[in-house]
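Colleague: Structure in structure tokens, see below.
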Amino acid sequence: VYVLTSLKDILNMPNLLGQNAAYPMRVINDSKLWEDLLWAYHTSIPKPKRVLAEGDSWLAYPQLLGVKNIVWHLANNYDDVLLLSLAYSGDTAVNMLANREKLLEALSKYEFDYLLFSGGGNDIVGKWDFDFMLKDYKKGMTAEECINKQRFERRIEQIKLAYMDLLEYTFEYAKSKNTIKVITHTYDKAIPNEKGVVSGSAWMWPYLVAKGITNASIQKEIAIYALGAFAEMVTMLAKEPICKGRFIVVETRDTVNPNEWENEIHPTTKGFKKVAEKIYQNIII
């Protein structure tokens with residue numbers, strides 16, 4: 001996400017970014033510039049989809065690494081979407097709700113049509129999370145038996161409570177609380193492997209191996225089980241009365257092909273584009 005510092009910057013976005021004027025950036029990450037962004041596009045986009053994005057690296061994967069994330073695709077590929085992004089790589093759902101001040105300030109001050117939220121993946125993967133929920137492998141164990149069910153189910157419940165807080169805060173304090181919709185996705189079937197952002201920085205594979213889980217098929221089954229449980233949780237939550245039919249869960253599993261992963265848990269630009277397309281189809285409803 002490019003940080004713009006003045007109205008002049010916004011009006012000259014195509015030139016600043018070296019882009020074709022027909023495809024300017026439509027995303028900022030400074031809430032103080034939100035009204036300027038709306039003003040800059042008010043004639044060319046009569047009824048823009050106003051989206052506040054909060055989440056993890058699926059919305060904020062660093063562009064300097066050469067991968068275009070979901071927010072980038074929404075802002076660049078669809079000329080009726082304007083975004084304010086508060087997303088931050090590595091963030092967890094629990095942490096985003098524990099440190100919710102910036103999110104609630106934006107929600108309560110400005111009118112948004114959608115809150116795009118990406119959270120839960122980092123609550124599950126990584127050293128102090130994924131490792132904590134794995135058991136030491138013993139010959140003959142199934143993928144499910146490799147998971148410490150008590151710890152894992154507790155973590156899923158923590159993520160669920162964070163989402164419930166997100167929904168209640170949004171529907172109570174958002175300036176557009178009577179109309180705003182919350183939209184999220186279900187990640188995809190990540191394949192454990194050694195590739196991280198840098199060498200040796202993978203999120204699941206090192207901890208699987210450390211627990212003696214070296215069989216690739218079992219590793220993959222564990223990843224599918226863990227992220228699948230998250231997907232099922234948010235899908236069921238969307239049916240609760242609290243959601244008022246305004247919590248949209250976009251099913252994105254089986255979207256990214258095996259050859260469309262940049263590293264262990266992040267799609268390539270092409271993979272992210274396919275996920276963004278599915279999200280956009282739900283934004284225009």
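The values are calculated or read from the model by the stated rules, or taken from the named source; none is laboratory data. Since this is a predicted model, take the numbers as computed values, not measurements. Cβ: placed from backbone, ideal geometry, glycine included. Neighbour counts: every protein chain shown. Heavy atoms of the whole protein, side chains included, go into the accessibility calculation; ligands, DNA and RNA do not. Shrake-Rupley method; radii C 1.70, N 1.55, O 1.52, S 1.80 Å.
Colleague: Please state the shape class of region 129-197: rounded when a/c is under 1.5, otherwise prolate if a/b exceeds b/c and oblate if not, all from the C-alpha gyration tensor.
Modeller: Judged from the Cα gyration tensor, region 129-197 comes out prolate (a/c at least 1.5, a/b above b/c).
Colleague: Starting from the alpha-carbon convex hull of the chain, give the projected area averaged over all orientations, in nm².
Modeller: Hull-based average projected area comes out at 14.7 nm².
Colleague: Okay, next question. What do you reckon, how do Ile279, Ile284, Ile218 stack up by accessible area (1.4 Å probe), largest on top?
Modeller: These residues rank, largest area first, as Ile284, Ile218, Ile279.
Colleague: Simple spin-label model, 7 Å along Cα-to-Cβ: Phe132 to Leu104 in nm?
Modeller: Going from the Phe132 label point to the Leu104 one covers 2.4 nm.
Colleague: Given a Förster distance of 30 angstrom, what is the FRET efficiency for Glu277 paired with Lys139, based on the Cβ-Cβ distance and rounded to 0.05?
Modeller: Once rounded, the FRET efficiency stands at 0.10.
Colleague: May I pose another question? Computed over the Cα atoms, what is the radius of gyration of region 189-243 divided by 2.2 N^0.38 Å, N being its residue count?
Modeller: Dividing the Cα Rg of region 189-243 by 2.2 N^0.38 Å gives 1.45.
Colleague: While we're looking at this one, here's another question. How high is the relative contact order of region 135-285, given as a whole-number percent (alpha carbon pairs under 8 Å, six or more residues apart)?
Modeller: Relative contact order here is 29 percent.
Colleague: Using a 1.4 Å probe on the protein heavy atoms only, what accessible surface does Ser44 show? Give it in Å² to the nearest 10.
Modeller: 80
Colleague: When the dipole is taken about the Cα centre of the chain, and only Lys, Arg (+1) and Asp, Glu (-1) are charged at their Cβ, what size is it in debye, to the nearest 20?
Modeller: 200
Colleague: Take Trp205, Trp39, Trp261 and sort them by solvent-accessible surface of the protein heavy atoms, 1.4 Å probe, largest at the top.
Modeller: Of Trp205, Trp39, Trp261, the descending order of accessible area is Trp39, Trp205, Trp261.
Colleague: Provide, for q = 0.17 Å⁻¹, the log10 of I(q)/I(0) from a solvent-free Debye sum over equal Cα point scatterers in region 159-285.
Modeller: -0.95
Colleague: On alpha-carbon atoms, Rg over Rh for region 233-282 using Kirkwood Rh?
Modeller: 1.09
Colleague: Also, I was wondering about something else. Could you tell me the relative contact order of the chain? Use alpha-carbon pairs under 8 Å, at least six residues apart, and round to a whole percent.
Modeller: So the answer I get is 18 percent.
Colleague: With a ≥ b ≥ c the root eigenvalues of the C-alpha gyration tensor of region 77-201, is it rounded (a/c under 1.5), prolate (a/b larger than b/c) or oblate?
Modeller: prolate
Colleague: Please give every one of the lysines within straight-line cross-link reach of Lys47, meaning a C-alpha to C-alpha distance under 20 Å, and leave out same-chain neighbours fewer than 8 residues apart.
Modeller: Reachable lysines: Lys109, Lys175, Lys177, Lys181.
Colleague: Let me ask something else about it. Tally the DSSP beta bridges in the chain and give the antiparallel ones as a percent, rounded to 5.
Modeller: 10
Colleague: Which order do Leu59, Leu86 take by accessible area at a 1.4 Å probe, largest first?
Modeller: Order by accessible area, largest first: Leu86, Leu59.
Colleague: Right, another one. Among Asp188, Asp254, Asp80, determine the one that fluctuates most according to a GNM of the chain built with springs between C-alpha atoms less than 10 Å apart.
Modeller: Asp254
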